[in-house]
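Just below is one structure, and these are the notes that go with it.
Each value in this text was obtained by applying a stated rule to the coordinates, not by laboratory testing. The structure displayed is predicted, hence computed values, not measured ones. Note that each Cβ is placed from the backbone with ideal geometry, even for glycine, and that neighbours are counted across all protein chains shown.
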Amino acid sequence: MSKRYSGKSFKDSSVMKKPKLTFKEKRKLKEEKKRKDEKAFSDLGSGFVLNMSTWRNMNYEKIKKEIKEFVDERDWDQFHTPKNLSMALSVEASELLEIFQWQKADEFKSATEKQKEMIKDEIADIFYYLVRISEKLNINIEEALLNKMKKNKEKYPKESVKGKAIKN
Ligand SMILES: [Mg+2]
């Protein structure tokens with residue numbers, strides 16, 4: 001047992017402090033958390049949500065091509081103005097919201113196959129419009145997300161907001 005973890009140091013300390021972890025221990029914890037997260041996703045049912053490995057392997061070029069072909073074959077590009085697309089995106093987000101409306105906090109865990117399919121469909125609809133509006137405005141969605149995450153990290157420093165659901 002290392003000095004840090006000895007019973008003596010705990011007994012002597014009036015305040016129980018969290019033991020400092022080594023780099024190896026931190027990495028192990030991180031890997032365990034990742035495994036737990038992936039398990040939690042898959043426990044919700046296969047294909048219920050996009051799990052971590054699906055996301056990592058996503059072929060964005062293929063998705064863009066599929067959507068563009070669908071739109072072009074129907075000559076719908078003419079209707080896809082940023083205004084119309086942002087409205088459609090908001091409507092689809094509300095359709096997702098509607099599925100969970102009035103549910104109890106844990107109710108989603110016992111979702112039926114039909115409900116899971118509905119959730120997947122709405123997530124796909126949201127994604128469709130998100131891809132579409134990004135393409136129309138010539139925005140690189142990955143770059144935009146990573147850039148915004150950088151801003152989020154500065155706006156919400158982990159040291160001051162960890163575990164708190166606050167916005168400021
Ligand atoms: Mg929909």
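With the cut-off at 26 Å, tell me which of the pairs K104/K158; K36/K109; K34/K64; K20/K153; K33/K164; K136/K164 have Cα atoms farther apart than that. Mind dumping the intermediate values first?
Working: K104/K158 30 Å; K36/K109 16 Å; K34/K64 29 Å; K20/K153 24 Å; K33/K164 19 Å; K136/K164 37 Å.
Pairs exceeding 26 Å: K104/K158; K34/K64; K136/K164.
Pull out the extension gain between S94 and K114, defined as 0.36 nm times the separation in residues minus the alpha carbon to alpha carbon distance; nm, one decimal.
Additional length available on full extension: 5.4 nm.
Given labels modelled 7 Å from the Cα in the Cβ direction, how far is it in nm from A124 to K62?
1.4 nm
Report, as a whole number in µm² per second, the diffusion coefficient that Stokes-Einstein gives for the stretch 60-139 at 37 °C and 0.692 mPa s using the Kirkwood radius over alpha carbon pairs.
Result for D is 235 µm²/s.
Take E32 and K104, extend 7 Å from each Cα along the Cα→Cβ direction, and tell me the distance between the two endpoints in nm.
Taking the simple label geometry, E32 and K104 are separated by 3.1 nm.
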